[in-house]
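Each remark here refers to the structure printed beneath this line.
The values are calculated or read from the model by the stated rules, or taken from the named source; none is laboratory data. Remember, it's a predicted structure, so these values are computed and weren't measured experimentally. Here the Cβ positions follow ideal geometry from the backbone for every residue, glycine too, while neighbour counts run over all protein chains shown. The accessibility values were calculated without ligands, DNA or RNA, using every heavy atom of the protein model including side chains. Shrake-Rupley method; radii C 1.70, N 1.55, O 1.52, S 1.80 Å.
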Amino acid sequence: MVTRENNTTTLPGTFQSGEAARSEVFVVVPACEPSLPIVFDSPHSGFDMPDDFGTVAPREALLSGWDAFVDELWSSVPRHGGTLIAANFPRAYIDANRAVTDIDAEMLDAPWPGPIAPEKYSARGMGLLRRYALPGMPMYDRKLTVAEVRHRIDAYYLPYRRALSMAAEAAYAAHGALWHVDCHSMKSRGNAMNVDDGEPRPDMVVSDRLGTTADPAFTQWVADALRELGYRVQVNAPYQGGDLLTAVSDPGRRCSSLQIEINRALYMDEARFVKHAGFDTLGRNLETFTAALARWVRAQSSPKEIP
């Protein structure tokens, strides 16, 4: 959740510590010493609306696509040696978890000057640029110009991607390995824009794009650790992981990326978009998980790699 004070962008709680690097686009909270090759990012937890958004969708519809409070839920990551990155802009404006070529050409007022390759997300109205805020509810009453889409890519999408890449590269350079977790939340039931329309969802979904972006041992460890905390966990269903998992992963070089989706019913009132009593319990459990992950990462590495 983003607030603005004196024309600077900050995040509440842990993110206001003096060491966090802030910009209009993202916040990076570095690991406390000693650092570990752990990077968490939350690309959809921002809700700071850019002035040029120009959407006609009501605020409540936009909130339904917000990964509400996910950045706060994972705020313990730096205390356990990991780096935490959070977007300030909303996914409804441009989605950092989509391929930059996942563009629906029908949304533009002129041909796109570069390559495009619409994926299944654009077909459902939720590609790099959203056609719909909710099923049947348009985001815009106009075509987007090529210039404004280019601006969103250059000023928001690419800087966020670079921040993630820089954190991942620094972790790998220091330790010769990387464990990246892309953090999200999900509605308790899918809607008509989802592959599981109307179906109840588990507490957590762990995804690694069907085993292509993470060492299977990492995926298994994460799923098991969450189950040990009492959560119902599915792997790669209904989510298989977004494009950000491909941005820094290379399992053959000990660079693993996976995605964790958290059921919003665990911690918030989905109709009112506010936290409920479960938020603190979930936050404590996620810190327990993060501390265990730090121990697991240390066990995977030689003494020379990680102090």
key: Among residues of the range 17-30, those that are at pLDDT below 95, within 12 Å of Leu84 (Cα to Cα) and open to solvent by less than 40 Å² (accessible area, probe 1.4 Å), counted   = 1
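Pick from Gly230, Gly252, Gly283: which is of a type in the set (Gly, Ala, Ser) and part of a loop (DSSP other than H, G, I, E, B)?
Working: Gly252 fails: part of a loop (DSSP other than H, G, I, E, B); Gly283 fails: part of a loop (DSSP other than H, G, I, E, B).
Checking each option against the conditions leaves just Gly230.
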inquiry  = Among the residues of the range 256-276, are any in a helix (DSSP H, G or I), open to solvent by 10 Å² or more (accessible area, probe 1.4 Å) and among the charged types (D, E, K, R)?
reply    = yes
query = Out of all the residues in the range 134-154, is one or more surrounded by 19 or more Cβ atoms within 10 Å (Cβ to Cβ), hydroxyl-bearing (Ser, Thr, Tyr) and touching a helix residue (DSSP H, G or I) at 6+ places or on another chain (Cβ under 9 Å)?
reply = no
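Looking only at the range 56-82, which residues are acidic (Asp, Glu) and either at positive phi or in a loop (DSSP other than H, G, I, E, B) (or both)? Outline the logic, then answer.
Of all residues in the range 56-82, those acidic (Asp, Glu) come to 60, 67, 71-72.
If the condition is that a residue be acidic (Asp, Glu) and either at positive phi or in a loop (DSSP other than H, G, I, E, B) (or both), then Asp67 is the only one that fits.
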remark   = Scanning the range 122-139 for residues that are in contact with a strand residue (DSSP E or B) (Cβ under 9 Å, 6 or more places away or on another chain) and in contact (Cβ under 8 Å) with a residue 60 or more places away in the chain, the one farthest from Leu63 (Cα to Cα) turns out to be Arg124
ask   = Glu228 fails exactly one of the following numbered conditions: (1) at pLDDT below 95; (2) open to solvent by 60 Å² or more (accessible area, probe 1.4 Å). What is the number of that condition?
value = (1)
Criterion (part of a loop (DSSP other than H, G, I, E, B) and either within 26 Å of Lys187 (Cβ to Cβ) or of a type in the set (Lys, Arg) (or both)) met by exactly one of Ile85, Ile94 = Ile94
query = Asp141 versus (1) in contact with a Lys or Arg (Cβ under 9 Å, 6 or more places away or on another chain); (2) in a loop (DSSP other than H, G, I, E, B): which is the lone unmet condition?
reply = (1)
query = Restricting the first residue to the range 232-246 and requiring it to be within 19 Å of Pro200 (Cβ to Cβ), which pairs with a second residue that is aliphatic (A, V, I, L, M) and open to solvent by less than 30 Å² (accessible area, probe 1.4 Å) meet a Cβ separation below 6 Å and a spacing of at least six or different chains?
reply = Val233/Met204; Val233/Ala223; Val233/Leu226; Gln234/Val205; Val235/Val206; Val235/Ala223; Tyr239/Val205
task = Specify the residue that is nearest to Gly283 (Cα to Cα); the eligible residues are those in the range 203-214 that are of a type outside the set (A, V, I, L, M, F, W, C) and crowded, with 19+ Cβ neighbours inside 10 Å.
result = Asp203
Qualifying residue in the range 181-191 (condition: crowded, with 21+ Cβ neighbours inside 10 Å and part of a helix (DSSP H, G or I)) = no
inquiry  = Any residue in the range 28-55 that is of a type in the set (D, E, K, R) sitting within a Cβ distance under 9 Å of a residue that is modelled with pLDDT under 95? List the pairs, counting only those 6 or more apart or interchain.
reply    = Asp48/Val2; Asp48/Thr3; Asp48/Arg4; Asp48/Thr9; Asp48/Glu24
